[in-house]
Amino acid sequence: MQTEVKKKSWHLPDGKQKGILIWGSVIFFTLLYLSLIFNNNVWTDEIFSMNLFKEGFGEIVSETAKDVHPPLYYFLGRLFRLLFGESLQVQKVLTLIPMSLTLVLGATKVRKYFGDRTSILFIILLGCIPCSMVYAVQVRMYSWALFCVTACGLAAWEIYVNDRWSCWIWLTVTAVAAAYLHYFAFASVIIINGLLFLALLFSREKRKKLGKWVLFSLLMTTLYLPWMPYFYEQVTRVEAGYWIPPITGETVWSYFLWAFGLAPVPQTTYVFLVISLLAGISCLVSVKKGGEEGKAGVFALLCMAVPTLTAGGGILLSLLKQPIYRDQYVFPAMGLFCLFTAIGCRRFRKEIAALFLVFFLAVGAISYRDNYRAEYKATLTAQTEEFFTENLGERDLVVYNYQAYYFNYKYYFPEERLFYVRDVDLSRDFDRIWFLDTEMEWDFVPDQIIPYQLQIEYVGHYGIEDNEFDLYQVTKGAAPEAGEP
(Lines give C-alpha, C1' and ligand atoms only; values in the text may rest on other atoms or scores of the structure.)
Protein backbone atom coordinates (compact mmCIF):
# COMPACT_ATOMS: atom_id res chain seq x y z
CA MET A 1 0.00 0.00 0.00
CA GLN A 2 2.84 2.39 0.84
CA THR A 3 4.51 1.59 -2.50
CA GLU A 4 1.31 2.53 -4.33
CA VAL A 5 1.10 5.89 -2.55
CA LYS A 6 4.71 6.64 -3.45
CA LYS A 7 3.99 6.01 -7.11
CA LYS A 8 1.12 8.46 -7.02
CA SER A 9 2.87 11.13 -4.96
CA TRP A 10 4.71 13.89 -6.76
CA HIS A 11 8.43 14.57 -6.62
CA LEU A 12 10.78 17.28 -7.79
CA PRO A 13 13.68 16.41 -10.09
CA ASP A 14 16.63 14.74 -8.40
CA GLY A 15 19.96 16.23 -7.40
CA LYS A 16 21.01 19.72 -8.43
CA GLN A 17 17.84 20.14 -10.49
CA LYS A 18 15.86 20.60 -7.28
CA GLY A 19 18.01 23.52 -6.23
CA ILE A 20 17.88 25.03 -9.71
CA LEU A 21 14.08 24.83 -9.74
CA ILE A 22 13.68 26.31 -6.25
CA TRP A 23 16.27 29.08 -6.55
CA GLY A 24 15.26 29.70 -10.16
CA SER A 25 11.73 30.40 -8.93
CA VAL A 26 13.07 32.90 -6.39
CA ILE A 27 15.03 34.70 -9.13
CA PHE A 28 12.10 34.54 -11.55
CA PHE A 29 9.65 36.24 -9.20
CA THR A 30 12.27 38.80 -8.19
CA LEU A 31 12.75 39.72 -11.85
CA LEU A 32 8.98 39.99 -12.29
CA TYR A 33 8.82 42.43 -9.38
CA LEU A 34 11.76 44.36 -10.80
CA SER A 35 10.00 44.79 -14.14
CA LEU A 36 7.20 46.74 -12.40
CA ILE A 37 9.30 49.55 -10.92
CA PHE A 38 10.28 51.65 -13.95
CA ASN A 39 7.59 54.31 -13.79
CA ASN A 40 6.62 57.40 -11.80
CA ASN A 41 3.06 56.33 -11.13
CA VAL A 42 2.42 56.63 -7.39
CA TRP A 43 -0.71 56.50 -5.25
CA THR A 44 -1.70 58.76 -2.37
CA ASP A 45 -0.18 56.65 0.41
CA GLU A 46 3.03 56.28 -1.58
CA ILE A 47 3.23 60.06 -1.98
CA PHE A 48 2.91 60.34 1.80
CA SER A 49 5.88 57.98 2.11
CA MET A 50 7.95 59.84 -0.47
CA ASN A 51 7.29 63.17 1.23
CA LEU A 52 8.23 61.79 4.63
CA PHE A 53 11.52 60.38 3.32
CA LYS A 54 12.61 63.99 2.72
CA GLU A 55 12.41 64.76 6.44
CA GLY A 56 15.03 64.14 9.11
CA PHE A 57 14.71 61.20 11.50
CA GLY A 58 13.36 63.43 14.29
CA GLU A 59 10.70 64.87 11.99
CA ILE A 60 9.76 61.34 10.90
CA VAL A 61 9.07 60.41 14.52
CA SER A 62 6.88 63.48 15.07
CA GLU A 63 5.03 63.08 11.76
CA THR A 64 4.35 59.35 12.17
CA ALA A 65 3.19 60.02 15.73
CA LYS A 66 0.46 62.18 14.16
CA ASP A 67 -0.41 59.39 11.70
CA VAL A 68 -1.52 55.80 12.37
CA HIS A 69 1.70 53.88 11.67
CA PRO A 70 4.99 53.32 13.52
CA PRO A 71 8.21 54.82 12.08
CA LEU A 72 10.62 52.01 11.13
CA TYR A 73 9.74 51.84 7.43
CA TYR A 74 10.13 55.59 7.06
CA PHE A 75 13.55 55.35 8.73
CA LEU A 76 14.55 52.77 6.12
CA GLY A 77 13.22 54.96 3.32
CA ARG A 78 15.09 57.97 4.66
CA LEU A 79 18.29 55.92 4.89
CA PHE A 80 17.91 54.69 1.30
CA ARG A 81 17.30 58.24 0.13
CA LEU A 82 20.50 59.43 1.84
CA LEU A 83 22.53 56.53 0.41
CA PHE A 84 21.13 56.21 -3.11
CA GLY A 85 19.25 59.43 -3.93
CA GLU A 86 15.64 60.52 -4.13
CA SER A 87 14.57 58.38 -7.10
CA LEU A 88 11.22 56.61 -6.83
CA GLN A 89 12.90 53.49 -8.21
CA VAL A 90 15.26 53.48 -5.22
CA GLN A 91 12.26 53.30 -2.89
CA LYS A 92 10.58 50.64 -5.00
CA VAL A 93 13.74 48.54 -4.74
CA LEU A 94 13.54 49.00 -0.95
CA THR A 95 10.07 47.40 -0.97
CA LEU A 96 11.13 44.70 -3.42
CA ILE A 97 14.02 43.49 -1.22
CA PRO A 98 11.87 41.99 1.59
CA MET A 99 9.59 40.25 -0.93
CA SER A 100 12.65 38.51 -2.35
CA LEU A 101 13.93 37.78 1.15
CA THR A 102 10.61 36.12 2.00
CA LEU A 103 10.99 33.94 -1.08
CA VAL A 104 14.53 33.15 0.08
CA LEU A 105 13.05 31.96 3.39
CA GLY A 106 11.09 29.50 1.29
CA ALA A 107 14.25 28.29 -0.42
CA THR A 108 16.17 27.98 2.86
CA LYS A 109 14.25 27.66 6.14
CA VAL A 110 11.07 26.16 4.67
CA ARG A 111 13.08 23.75 2.53
CA LYS A 112 15.27 22.73 5.48
CA TYR A 113 12.41 21.88 7.82
CA PHE A 114 9.58 20.82 5.49
CA GLY A 115 11.22 19.59 2.31
CA ASP A 116 11.54 20.50 -1.36
CA ARG A 117 7.86 20.16 -2.26
CA THR A 118 6.76 22.49 0.52
CA SER A 119 9.48 24.92 -0.51
CA ILE A 120 8.45 25.17 -4.16
CA LEU A 121 4.74 25.33 -3.28
CA PHE A 122 5.39 28.15 -0.81
CA ILE A 123 7.47 30.15 -3.29
CA ILE A 124 5.00 29.79 -6.16
CA LEU A 125 1.94 30.47 -4.00
CA LEU A 126 3.49 33.57 -2.41
CA GLY A 127 4.63 34.81 -5.80
CA CYS A 128 1.27 34.24 -7.48
CA ILE A 129 -1.36 35.03 -4.87
CA PRO A 130 -3.19 38.14 -6.16
CA CYS A 131 -2.59 40.40 -3.16
CA SER A 132 1.19 39.89 -3.05
CA MET A 133 2.39 41.40 -6.32
CA VAL A 134 0.76 44.76 -5.54
CA TYR A 135 2.76 45.19 -2.35
CA ALA A 136 5.98 43.86 -3.83
CA VAL A 137 6.65 47.31 -5.33
CA GLN A 138 4.31 49.64 -3.45
CA VAL A 139 6.22 52.30 -1.52
CA ARG A 140 4.78 51.29 1.84
CA MET A 141 5.77 49.13 4.79
CA TYR A 142 3.73 46.03 3.96
CA SER A 143 6.42 43.95 2.22
CA TRP A 144 8.84 44.48 5.11
CA ALA A 145 6.11 43.55 7.58
CA LEU A 146 5.40 40.39 5.53
CA PHE A 147 9.05 39.35 5.75
CA CYS A 148 9.31 40.01 9.49
CA VAL A 149 6.09 38.19 10.41
CA THR A 150 6.98 35.19 8.21
CA ALA A 151 10.51 35.05 9.63
CA CYS A 152 9.11 35.37 13.16
CA GLY A 153 6.78 32.41 12.60
CA LEU A 154 9.63 30.26 11.28
CA ALA A 155 11.82 31.32 14.22
CA ALA A 156 9.11 30.12 16.61
CA TRP A 157 9.17 26.73 14.87
CA GLU A 158 12.96 26.57 15.12
CA ILE A 159 12.76 27.34 18.84
CA TYR A 160 10.29 24.52 19.32
CA VAL A 161 12.49 22.11 17.36
CA ASN A 162 16.04 22.90 18.48
CA ASP A 163 16.06 25.81 20.97
CA ARG A 164 19.25 27.56 19.85
CA TRP A 165 19.96 30.99 21.33
CA SER A 166 20.27 32.39 17.82
CA CYS A 167 16.65 31.38 17.17
CA TRP A 168 15.45 33.29 20.23
CA ILE A 169 17.44 36.34 19.13
CA TRP A 170 15.99 36.12 15.60
CA LEU A 171 12.47 35.76 17.02
CA THR A 172 13.03 38.91 19.09
CA VAL A 173 14.53 40.94 16.24
CA THR A 174 11.80 40.07 13.73
CA ALA A 175 8.97 40.51 16.25
CA VAL A 176 10.16 43.93 17.40
CA ALA A 177 10.82 45.03 13.81
CA ALA A 178 7.30 43.94 12.81
CA ALA A 179 5.87 45.92 15.73
CA TYR A 180 7.74 49.02 14.57
CA LEU A 181 6.54 48.53 10.97
CA HIS A 182 2.76 48.12 11.26
CA TYR A 183 0.31 47.70 14.12
CA PHE A 184 -1.43 44.67 12.63
CA ALA A 185 2.00 43.09 12.06
CA PHE A 186 2.47 43.85 15.77
CA ALA A 187 -0.76 41.94 16.45
CA SER A 188 0.46 39.01 14.33
CA VAL A 189 3.75 38.63 16.20
CA ILE A 190 1.93 38.87 19.55
CA ILE A 191 -0.22 35.97 18.34
CA ILE A 192 2.89 34.04 17.23
CA ASN A 193 4.54 34.57 20.59
CA GLY A 194 1.35 33.56 22.40
CA LEU A 195 1.01 30.38 20.33
CA LEU A 196 4.66 29.58 21.02
CA PHE A 197 3.97 29.93 24.75
CA LEU A 198 1.04 27.51 24.52
CA ALA A 199 3.07 25.04 22.45
CA LEU A 200 5.83 25.03 25.05
CA LEU A 201 3.40 24.88 27.96
CA PHE A 202 1.49 21.85 26.68
CA SER A 203 4.61 19.85 25.87
CA ARG A 204 6.27 18.26 28.88
CA GLU A 205 9.66 18.00 27.21
CA LYS A 206 9.51 21.63 26.02
CA ARG A 207 8.38 23.34 29.24
CA LYS A 208 11.96 23.96 30.27
CA LYS A 209 12.09 26.56 27.50
CA LEU A 210 9.46 28.73 29.19
CA GLY A 211 12.13 30.56 31.17
CA LYS A 212 13.71 31.76 27.93
CA TRP A 213 10.28 32.66 26.61
CA VAL A 214 9.72 34.96 29.61
CA LEU A 215 13.21 36.45 29.28
CA PHE A 216 12.91 37.27 25.60
CA SER A 217 9.31 38.46 25.93
CA LEU A 218 10.50 40.97 28.52
CA LEU A 219 13.28 41.98 26.14
CA MET A 220 10.76 42.54 23.32
CA THR A 221 8.59 44.66 25.61
CA THR A 222 11.59 46.71 26.72
CA LEU A 223 12.66 47.35 23.13
CA TYR A 224 9.17 48.62 22.29
CA LEU A 225 8.81 50.88 25.32
CA PRO A 226 10.21 54.00 23.56
CA TRP A 227 7.28 53.95 21.14
CA MET A 228 4.55 53.08 23.65
CA PRO A 229 3.53 56.71 24.45
CA TYR A 230 3.06 57.38 20.72
CA PHE A 231 1.22 54.09 20.29
CA TYR A 232 -1.19 55.00 23.10
CA GLU A 233 -1.77 58.45 21.63
CA GLN A 234 -2.49 57.02 18.18
CA VAL A 235 -4.89 54.39 19.53
CA THR A 236 -6.87 56.94 21.55
CA ARG A 237 -6.99 59.30 18.59
CA VAL A 238 -8.32 56.52 16.34
CA GLU A 239 -11.04 55.76 18.89
CA ALA A 240 -12.07 59.41 18.74
CA GLY A 241 -12.74 59.19 15.03
CA TYR A 242 -11.39 57.37 11.97
CA TRP A 243 -12.20 57.28 8.27
CA ILE A 244 -12.56 53.50 7.75
CA PRO A 245 -16.19 52.57 6.95
CA PRO A 246 -18.26 50.25 9.17
CA ILE A 247 -17.83 46.48 8.97
CA THR A 248 -20.65 44.63 7.20
CA GLY A 249 -21.06 41.16 5.75
CA GLU A 250 -20.26 42.57 2.32
CA THR A 251 -17.14 44.22 3.72
CA VAL A 252 -15.91 40.95 5.23
CA TRP A 253 -16.41 39.13 1.93
CA SER A 254 -14.45 41.90 0.18
CA TYR A 255 -11.44 40.92 2.31
CA PHE A 256 -11.42 37.49 0.63
CA LEU A 257 -11.86 39.08 -2.80
CA TRP A 258 -8.92 41.37 -2.08
CA ALA A 259 -6.68 38.47 -1.09
CA PHE A 260 -7.67 35.86 -3.66
CA GLY A 261 -9.78 37.46 -6.37
CA LEU A 262 -8.69 38.73 -9.77
CA ALA A 263 -10.45 41.74 -11.25
CA PRO A 264 -11.45 39.88 -14.44
CA VAL A 265 -12.04 36.55 -12.64
CA PRO A 266 -13.17 37.09 -9.02
CA GLN A 267 -14.27 33.44 -8.91
CA THR A 268 -10.65 32.51 -8.17
CA THR A 269 -11.56 33.41 -4.59
CA TYR A 270 -13.69 30.28 -4.30
CA VAL A 271 -10.90 28.08 -5.67
CA PHE A 272 -8.42 29.43 -3.11
CA LEU A 273 -10.92 28.83 -0.33
CA VAL A 274 -11.46 25.24 -1.48
CA ILE A 275 -7.69 24.65 -1.66
CA SER A 276 -7.34 26.12 1.84
CA LEU A 277 -10.05 23.79 3.13
CA LEU A 278 -8.36 20.76 1.56
CA ALA A 279 -5.01 21.86 2.98
CA GLY A 280 -6.59 22.13 6.43
CA ILE A 281 -8.07 18.63 6.16
CA SER A 282 -4.69 17.30 5.05
CA CYS A 283 -3.03 18.92 8.08
CA LEU A 284 -5.61 17.38 10.43
CA VAL A 285 -4.93 13.95 8.91
CA SER A 286 -1.20 14.50 9.48
CA VAL A 287 -1.86 15.47 13.10
CA LYS A 288 -3.83 12.25 13.60
CA LYS A 289 -0.91 10.21 12.22
CA GLY A 290 1.46 11.76 14.74
CA GLY A 291 5.24 11.74 14.56
CA GLU A 292 7.12 14.35 12.52
CA GLU A 293 4.24 14.63 10.08
CA GLY A 294 1.91 15.37 12.98
CA LYS A 295 4.18 18.14 14.29
CA ALA A 296 4.34 19.69 10.84
CA GLY A 297 0.55 19.51 10.61
CA VAL A 298 0.12 21.26 13.95
CA PHE A 299 2.60 23.97 12.93
CA ALA A 300 0.73 24.50 9.66
CA LEU A 301 -2.58 24.94 11.47
CA LEU A 302 -0.94 27.41 13.87
CA CYS A 303 0.40 29.30 10.84
CA MET A 304 -3.16 29.56 9.56
CA ALA A 305 -4.29 30.76 12.99
CA VAL A 306 -2.08 33.87 12.72
CA PRO A 307 -3.84 35.58 9.77
CA THR A 308 -7.20 34.26 10.98
CA LEU A 309 -6.82 35.73 14.47
CA THR A 310 -5.23 38.93 13.15
CA ALA A 311 -8.11 39.62 10.77
CA GLY A 312 -10.72 38.29 13.20
CA GLY A 313 -9.41 40.48 16.01
CA GLY A 314 -9.42 43.54 13.77
CA ILE A 315 -12.99 42.87 12.66
CA LEU A 316 -14.16 42.25 16.24
CA LEU A 317 -12.62 45.49 17.50
CA SER A 318 -14.17 47.33 14.57
CA LEU A 319 -17.58 45.97 15.48
CA LEU A 320 -17.23 46.67 19.21
CA LYS A 321 -15.69 50.14 18.98
CA GLN A 322 -14.49 52.16 16.02
CA PRO A 323 -13.87 50.69 12.52
CA ILE A 324 -10.10 50.23 12.37
CA TYR A 325 -9.58 47.24 10.07
CA ARG A 326 -8.88 47.23 6.32
CA ASP A 327 -8.26 44.27 3.99
CA GLN A 328 -4.54 45.00 3.48
CA TYR A 329 -3.82 44.91 7.21
CA VAL A 330 -3.67 41.11 7.15
CA PHE A 331 -1.04 41.12 4.39
CA PRO A 332 1.93 40.84 6.80
CA ALA A 333 0.53 37.46 7.91
CA MET A 334 -0.14 36.14 4.39
CA GLY A 335 3.29 34.50 4.20
CA LEU A 336 2.19 32.18 7.01
CA PHE A 337 -1.05 31.48 5.13
CA CYS A 338 1.07 30.43 2.14
CA LEU A 339 3.19 28.23 4.40
CA PHE A 340 0.08 26.57 5.85
CA THR A 341 -1.23 25.87 2.35
CA ALA A 342 2.12 24.56 1.12
CA ILE A 343 2.48 22.14 4.05
CA GLY A 344 -1.11 21.00 3.67
CA CYS A 345 -0.81 20.40 -0.09
CA ARG A 346 2.60 18.73 -0.19
CA ARG A 347 1.21 15.21 0.32
CA PHE A 348 -1.49 15.41 -2.32
CA ARG A 349 -1.42 13.05 -5.27
CA LYS A 350 0.63 14.28 -8.19
CA GLU A 351 -2.43 14.88 -10.40
CA ILE A 352 -4.04 17.15 -7.80
CA ALA A 353 -0.75 18.89 -7.03
CA ALA A 354 -0.21 19.52 -10.74
CA LEU A 355 -3.68 21.08 -11.03
CA PHE A 356 -2.97 23.35 -8.07
CA LEU A 357 0.36 24.44 -9.51
CA VAL A 358 -1.20 25.18 -12.90
CA PHE A 359 -3.94 27.19 -11.16
CA PHE A 360 -1.43 29.17 -9.07
CA LEU A 361 0.70 29.96 -12.12
CA ALA A 362 -2.34 31.00 -14.17
CA VAL A 363 -3.47 33.30 -11.37
CA GLY A 364 0.05 34.68 -11.13
CA ALA A 365 0.18 35.40 -14.86
CA ILE A 366 -3.12 37.31 -14.77
CA SER A 367 -2.09 39.11 -11.59
CA TYR A 368 1.17 40.19 -13.20
CA ARG A 369 -0.68 41.44 -16.28
CA ASP A 370 -3.08 43.46 -14.10
CA ASN A 371 -0.28 44.93 -12.02
CA TYR A 372 1.76 45.77 -15.12
CA ARG A 373 -1.22 47.67 -16.49
CA ALA A 374 -1.75 49.41 -13.14
CA GLU A 375 1.89 50.49 -12.99
CA TYR A 376 2.30 51.55 -16.62
CA LYS A 377 -1.03 51.93 -18.43
CA ALA A 378 -3.98 52.29 -16.07
CA THR A 379 -3.73 56.06 -15.65
CA LEU A 380 -2.81 59.10 -17.73
CA THR A 381 0.05 60.02 -15.42
CA ALA A 382 2.83 59.25 -17.90
CA GLN A 383 1.20 61.37 -20.65
CA THR A 384 0.62 64.20 -18.17
CA GLU A 385 4.23 64.16 -17.00
CA GLU A 386 5.47 64.14 -20.58
CA PHE A 387 3.30 67.14 -21.49
CA PHE A 388 4.40 69.26 -18.55
CA THR A 389 8.06 68.32 -19.00
CA GLU A 390 7.84 69.85 -22.46
CA ASN A 391 5.52 72.78 -21.75
CA LEU A 392 5.73 73.99 -18.14
CA GLY A 393 7.71 77.22 -18.17
CA GLU A 394 9.63 78.71 -15.27
CA ARG A 395 7.06 81.51 -14.87
CA ASP A 396 3.98 79.32 -15.41
CA LEU A 397 1.44 78.53 -12.71
CA VAL A 398 -0.51 75.31 -12.17
CA VAL A 399 -4.05 75.87 -10.89
CA TYR A 400 -6.34 73.04 -9.84
CA ASN A 401 -9.96 72.81 -8.74
CA TYR A 402 -9.97 69.43 -6.95
CA GLN A 403 -8.89 70.69 -3.53
CA ALA A 404 -8.46 67.27 -1.94
CA TYR A 405 -5.80 66.42 -4.53
CA TYR A 406 -3.32 69.10 -3.47
CA PHE A 407 -1.36 66.46 -1.59
CA ASN A 408 -0.93 64.48 -4.84
CA TYR A 409 -0.34 67.45 -7.13
CA LYS A 410 2.54 68.80 -5.08
CA TYR A 411 4.45 65.56 -5.75
CA TYR A 412 4.40 66.29 -9.49
CA PHE A 413 4.45 70.11 -9.66
CA PRO A 414 6.57 72.81 -7.99
CA GLU A 415 4.74 73.60 -4.77
CA GLU A 416 5.49 77.33 -4.94
CA ARG A 417 3.67 77.56 -8.31
CA LEU A 418 0.71 75.36 -7.41
CA PHE A 419 -2.58 77.04 -6.42
CA TYR A 420 -6.15 76.13 -5.70
CA VAL A 421 -8.49 77.87 -8.14
CA ARG A 422 -10.23 79.94 -5.45
CA ASP A 423 -6.97 81.07 -3.89
CA VAL A 424 -4.84 82.02 -6.90
CA ASP A 425 -3.93 85.72 -7.27
CA LEU A 426 -4.52 86.50 -10.94
CA SER A 427 -2.91 89.91 -10.62
CA ARG A 428 0.51 88.38 -10.02
CA ASP A 429 3.10 88.16 -12.76
CA PHE A 430 3.03 84.94 -14.80
CA ASP A 431 3.38 83.74 -18.37
CA ARG A 432 0.68 81.07 -18.48
CA ILE A 433 -1.68 79.25 -16.17
CA TRP A 434 -2.29 75.56 -16.67
CA PHE A 435 -5.75 74.86 -15.27
CA LEU A 436 -6.47 71.26 -14.19
CA ASP A 437 -10.24 71.05 -14.51
CA THR A 438 -11.62 68.01 -12.69
CA GLU A 439 -15.27 67.42 -13.58
CA MET A 440 -17.90 68.53 -11.04
CA GLU A 441 -15.42 70.80 -9.25
CA TRP A 442 -15.09 74.63 -9.11
CA ASP A 443 -14.26 76.28 -12.45
CA PHE A 444 -12.71 79.55 -13.45
CA VAL A 445 -15.78 81.80 -13.52
CA PRO A 446 -16.31 85.08 -15.46
CA ASP A 447 -16.29 87.30 -12.36
CA GLN A 448 -12.90 85.89 -11.56
CA ILE A 449 -11.22 86.26 -14.96
CA ILE A 450 -12.88 89.25 -16.72
CA PRO A 451 -10.96 91.97 -14.83
CA TYR A 452 -7.69 90.42 -15.96
CA GLN A 453 -8.54 89.88 -19.66
CA LEU A 454 -7.55 86.22 -19.55
CA GLN A 455 -8.06 83.87 -22.45
CA ILE A 456 -8.76 80.18 -21.88
CA GLU A 457 -7.92 77.52 -24.46
CA TYR A 458 -8.68 73.82 -24.20
CA VAL A 459 -5.53 71.67 -24.46
CA GLY A 460 -6.60 68.07 -23.89
CA HIS A 461 -7.62 65.35 -21.46
CA TYR A 462 -5.00 64.27 -18.90
CA GLY A 463 -4.85 62.87 -15.38
CA ILE A 464 -2.82 61.93 -12.34
CA GLU A 465 -3.50 58.71 -10.46
CA ASP A 466 -7.27 58.06 -10.62
CA ASN A 467 -8.10 61.75 -11.06
CA GLU A 468 -8.65 62.66 -14.71
CA PHE A 469 -9.11 66.28 -15.77
CA ASP A 470 -9.44 68.56 -18.79
CA LEU A 471 -6.38 70.72 -19.20
CA TYR A 472 -6.75 74.39 -20.19
CA GLN A 473 -4.12 76.98 -21.05
CA VAL A 474 -4.85 80.42 -19.59
CA THR A 475 -3.01 83.40 -21.07
CA LYS A 476 -3.17 87.18 -20.71
CA GLY A 477 -4.60 89.53 -23.30
CA ALA A 478 -7.97 90.67 -24.56
CA ALA A 479 -9.90 88.54 -26.95
CA PRO A 480 -9.57 89.69 -30.60
CA GLU A 481 -12.38 91.84 -32.01
CA ALA A 482 -14.69 90.35 -34.59
CA GLY A 483 -13.03 90.35 -37.98
CA GLU A 484 -9.52 90.73 -36.58
CA PRO A 485 -6.97 88.04 -37.49
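Points worth noting:
- Think of each Lys and Arg Cβ as +1 and each Asp and Glu Cβ as -1; about the Cα centre, that makes the dipole of the chain roughly 4440 debye.
- Selected from 99, 125, 73, residue furthest toward positive end of dipole (the stretch 14-377; charges at beta carbon): 125
- Dipole magnitude (debye, nearest 20) for the stretch 86-145, charges at Cβ of Lys, Arg, Asp, Glu: 200
- Between helix 142-161 and the chain: long-axis angle, C-alpha atoms, 0 to 90°, nearest 10: 10
- Size of electric dipole in the stretch 157-246: Cβ of Lys, Arg +1 and of Asp, Glu -1, about Cα centre, debye, nearest 20: 420
- Beta bridges per DSSP with both ends in the chain, % antiparallel, nearest 5: 70
- Taking the C-alpha atoms only, the angle from helix 57-66 to the longest principal axis of the chain is near 90 degrees.
- Computed packing ranks the peptides 46-56, 77-87 as 46-56, 77-87, most packed first, by mean other Cβ atoms within 10 Å.
- Ranking 408, 380, 430 by how far each Cα lies toward the positive end of the dipole of the stretch 380-476 (charges on Cβ) leaves 430 at the top.
- Sites residue 225 and residue 355 - FRET efficiency at Förster radius 41 Å, r taken between beta-carbons, to 0.05: 0.25
- Heavy-atom accessible area per residue - the chain, 1.4 Å, Å²: 48
- Using heavy atoms of the protein chains and a probe of 1.4 Å, the accessible area assigned to residue 286 is about 20 Å².
- Restricting the calculation to Cα atoms, the chain yields a radius of gyration followed by a Dmax of 26.5, 100 Å.
- Ellipticity at 222 nm from helices only: DSSP H runs of n ≥ 4 in the chain, each -39500 (n - 2.57), divided by the residue count, give -20500 deg cm²/dmol.
- Between residue 16 and residue 237, the FRET efficiency from the beta-carbon distance, with R0 = 41 Å, is close to 0.15.
- Relative contact order of the chain, pairs being alpha-carbon contacts under 8 Å that are 6 or more residues apart, as %: 16
- Of the residues 314, 356, 472, the one whose Cα sits farthest toward the positive end of the charge dipole of the chain, with +1 on the Cβ of Lys and Arg and -1 on the Cβ of Asp and Glu, is 356.
- Euclidean distance of C-alpha centroids, the stretch 83-108 and the stretch 387-409, integer Å: 32
- Compared with the dominant Cα axis of the chain, that is its longest principal axis, helix 291-320 is turned about 40°.
The values are calculated or read from the model by the stated rules, or taken from the named source; none is laboratory data. What you see is a predicted model, and the numbers here were worked out from it, not measured in a lab. Please note: Cβ atoms are built from the backbone with ideal geometry, for glycine as well, and neighbour counts cover all protein chains shown. Quick note on the areas: whole protein, heavy atoms, side chains included, nothing else; ligands and nucleic acids left out. Shrake-Rupley method; radii C 1.70, N 1.55, O 1.52, S 1.80 Å.
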